[in-house]
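The values are calculated or read from the model by the stated rules, or taken from the named source; none is laboratory data. The structure displayed is predicted, hence computed values, not measured ones. Here the Cβ positions follow ideal geometry from the backbone for every residue, glycine too, while neighbour counts run over all protein chains shown.
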Amino acid sequence: MIALENASAKPVRLIDATIRPEAARTEAMITPERMASVNVWKIRRGVIGESPATHETTIAVSMLSKPKPESELRGLVYSLTEKARDTGVVWYKRVTVVGAIVLLLTVVLNIIFW
């Protein structure tokens with residue numbers, strides 16, 4: 001709240017010539033509080049107004065389109081892609097072992113340097 005009070009002492013000058021050419025001769029005094037309130041309402045309007053339309057469009061497209069066969073989805077969908085196995089690899093080249101060691105070292109160093 002202190003930042004807003006200090007910021008309002010020096011209003012921002014805005015020339016709105018790009019939107020309204022007649023405004024090029026006038027200057028509007030815009031305070032940070034007013035700018036913040038306008039931004040909040042723009043966000044609320046976007047979330048409330050556009051979100052249902054987006055969801056309805058997504059549902060309609062999903063219902064009307066034919067699903068792709070699993071053969072086309074291999075490599076794109078995680079559950080249909082073959083997983084790489086670490087069998088027959090030296091222990092220090094296994095991702096899970098090296099990841100566990102790095103995680104353990106991170107925890108130990110965090111405890112030491114707390």
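Residues that are in a helix (DSSP H, G or I) and touching a Leu at 6+ places or on another chain (Cβ under 6 Å) within segment 71-91 comprise L73, L80, listed in sequence order.
Here R45 passes the criteria (1) surrounded by 10 or more Cβ atoms within 10 Å (Cβ to Cβ); (2) modelled with pLDDT under 70; (3) more than 31 Å from the chain's Cα centre (by Cα) except the one numbered (3). Only residues that are modelled with pLDDT of 90 or more, of a type outside the set (A, V, I, L, M) and more than 30 Å from the chain's Cα centre (by Cα) were counted across segment 78-114, and they come to 1.
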